[in-house]
Amino acid sequence: MARTINIGLIGCGGLGRVHADCVKRIDGAQMIAFCDTNESAAQKLSDDFGGKYATTSADKVLSDREIDAIYICTRHDSHASLAIAAARAGKQILIEKPLALNLNDCEGIAREVEASGVHLMPAFKMRYYPLVQKAHEFIPAPLIVVGQMMDNRWGDDHWAQDPVQGGANVHSQGCHTTDIMRYFAGSEPKTIWATGGTFTHPGHKCIDQCVASIQFASGRVGSWIQGDAAQGQFTSKFFFELFGPDGRSVQLYDRLKKATFFDGQNTWTEERTDEEGFYLENVEFISALKEDRAPALNAQDGIQATRIVLAADRAIRTGEIQHL
């Protein structure tokens, strides 16, 4: 696609605004349609970002022949129906994480995307943080991967804590952590054992804390911690650590804006001033469309990230090792 990529946004909340701001800064792309069940939210973003129209009708956006791509930034339980409808409409798709909260929905999306011949990219922004990529280059085949995402306690009335709309912390955000651990390991997970439970939201249907051990097909191992007991004040919400076979190590912290490298003899720290993941994932998606190629991430990445989270949930509830 050599011409300008026209985009329709479905879901005009906080993430929708972030993506609209990213697109605004990328040459050769523009958001022209804004859709939300809250009409005033859609109109506000349309006004702020120069859209052609705002609407409460997803069908209007999906049937608009001027639109090349759809951004899906809605609550998790609507991802599957919207992604399938977008694929059937022949639209390219960027979809916020998680791809869906269950494997049936994830696989249904993947089947429709393949049948329709469109591209879908899950919005795993962490893949695009420059220091994440540099850490992966520094230790491309780590012996051990550590991934931690700990948040302050989520409010009981927050939509993402709802079992249907959001799935609570581990299911809602765990896919970020599991995706990056797959990326760092360079291998698919083989088995997972986990423990945890509903520690911060007693009686809730969804687990809110998870501590897991993962063995990858390569034989390497990972340790994964996820929850909302409290945010780590030293590490920040996101923390990853890699240990290489040659004595190297890397620690990523301060929301992945800082990394400390050790090459076996020398230690140094590198720092970025901003979180660049959102912008750079948008650059990748739009560049892929303009170059008529598949984006670096696809539906299978979304499926695998969710598969690991669901396996951890089963391990916690059954006490049994899960085989993926």
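Bear in mind these aren't lab numbers, they're just calculated from the coordinates by the rules spelled out. Owing to the predicted nature of the structure, the values given are computational and were not obtained by experimental measurement. Backbone-built Cβ (ideal geometry, glycine too); neighbour counts: all protein chains shown.
Using θ = phi - 60° and the Karplus form 6.51 cos²θ - 1.76 cosθ + 1.60, what ³J(HN,Hα) does each residue of segment 231-240 get, whole Hz, x for Gly and Pro?
8, x, 7, 8, 7, 6, 4, 9, 8, 9
On a full-extension model of 0.36 nm per residue, what is the gain between THR273 and SER40, subtracting their alpha-carbon distance, rounded to one decimal in nm?
Values: separation 233, 0.36 × 233 = 83.88 nm, distance 3.37 nm.
Here the segment from THR273 to SER40 would lengthen by 80.5 nm.
What full-extension length gain, to one decimal in nm, is calculated for THR318 and SER63 as 0.36 nm per residue of separation minus the Cα-Cα distance? Please report the intermediate quantities before stating the final value.
Working: separation 255, 0.36 × 255 = 91.80 nm, distance 4.54 nm.
Going from the current span to full extension adds 87.3 nm.
Just the number, please: percent antiparallel of the DSSP beta bridges in the chain, rounded to the nearest 5. Write down the numbers at each step before the final one.
Numbers: 37 of 65 bridges.
Bridges in the chain are about 55 percent antiparallel.
Report the full-extension gain for the segment LYS134 to ASN266: residue separation times 0.36 nm, less the Cα-Cα distance, to one decimal in nm. If you can, show how the numbers build up before the last one.
On the way: separation 132, 0.36 × 132 = 47.52 nm, distance 1.67 nm.
Residue separation times 0.36 nm, minus the Cα-Cα distance, leaves 45.9 nm.
Determine the distance separating the Cα centre of segment 10-38 from the Cα centre of segment 237-311; give it in Å without decimals.
Centre-to-centre distance over Cα atoms comes out at 23 Å.
For the Cα atoms of the chain, what angle does the longest principal axis make with the long axis of helix 299-318, in degrees from 0 to 90, nearest 10?
Compared with the principal axis, the helix lies near 50 degrees.
Starting from a Cα-only point model with no solvent, please compute log10 I(q)/I(0) by Debye for segment 192-289 at q = 0.11, 0.12, 0.19 1/Å.
-0.52, -0.62, -1.12
Using amide H atoms built in the peptide plane, which far-off residues or other-chain residues are under 5 Å from ARG255 H to H?
Those qualifying (amide H under 5 Å, at least 5 residues apart or on another chain) are LYS237, PHE238.
By how many degrees, 0 to 90 and rounded to 10, does the Cα axis of helix 14-24 deviate from the longest principal axis of the chain?
Between helix and principal axis, roughly 70 degrees.
Would you mind working out the magnitude of the charge dipole of segment 13-160 relative to its Cα centre, with +1 at each Lys and Arg C-beta and -1 at each Asp and Glu C-beta, to the nearest 20 Debye? Show your work: numbers first, answer last.
On the way: 16 positive and 20 negative charges, 70 e Å.
That gives segment 13-160 a dipole magnitude of about 340 debye.
Using a Förster radius of 25 Å, what is the FRET efficiency between ALA294 and SER218 based on their Cβ-Cβ separation? Nearest 0.05, please.
On the way: r = 24 Å, r/R0 = 0.98.
Here the calculated transfer efficiency is 0.55.
Taking only the C-alpha atoms, wrap a convex hull around segment 268-322 and report its volume per residue in Å³ as a whole number. Write out the running numbers ahead of the final one.
Values: hull volume 9.0 nm³, N = 55.
Hull volume normalised by residue count: 163 Å³.
So how tilted is helix 103-116 from the main axis of the chain? Cα-based, degrees 0 to 90, rounded to 10.
The helix 103-116 is inclined about 50 degrees to the chain.
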